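Everything on this sheet refers to the single structure shown next.
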Amino acid sequence: MRLLTGEHDSQFRFSPHRLSAFGPTVLAEGFDQSRSIAWVHAWTVADGIITQVREYFNTSLTVTRFGNTNAPTGTVPLSCTFLWESNLPDWVGKAIPGLVLAI
């Protein structure tokens, strides 16, 4: 937070309310109701070590599996399967950005 705003807030805590895993990707979702903040972390884990972190604030996140299918020869053999969607509380706001994370 200090890097983004120049301020330090010792009261802000990342307390996950929901954890989900899809292969090497782990999703942690939480919110701070007093500040109207919702967040999602997407961690990539390899050999028990976090190798990548993506962080989303006040954003609706949908996660899909992007990969090959058993499509006939001559067609595009890709699919985009729905896996997970953030569960934002009503107080976050009416208009928030939405993103799709393809893993």
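Here, each number is a calculation from the coordinates, and none is a lab measurement. Treat the numbers as computed from the prediction; the structure is a model and nothing was measured. Cβ coordinates were reconstructed from backbone atoms using ideal geometry, including for glycine residues, and neighbour counts include every protein chain displayed.
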Residue separation between Gln33 and Asn87 times 0.36 nm, minus their alpha-carbon distance, gives in nm 18.1 nm
Quick calc, Ser79 & His17: beta-carbon distance into FRET formula, R0 41 Å, rounding 0.05, result 0.85
Given a Förster distance of 35 Å, the FRET efficiency implied by the Cβ-Cβ spacing of Asp47 and Ile96, rounded to the nearest 0.05, works out to 0.50
Note, segment 21-38: 3J(HN,Hα) by Karplus (6.51, -1.76, 1.60, θ = phi - 60°), whole Hz, Gly/Pro = x, goes 9, 9, x, x, 9, 10, 10, 10, 10, x, 7, 10, 5, 5, 10, 6, 10, 10
HN-Hα couplings for segment 50-61 via Karplus (6.51, -1.76, 1.60; θ = phi - 60°), in whole Hz with x for Gly/Pro, come out as 6, 9, 8, 10, 10, 10, 10, 10, 6, 9, 7, 10
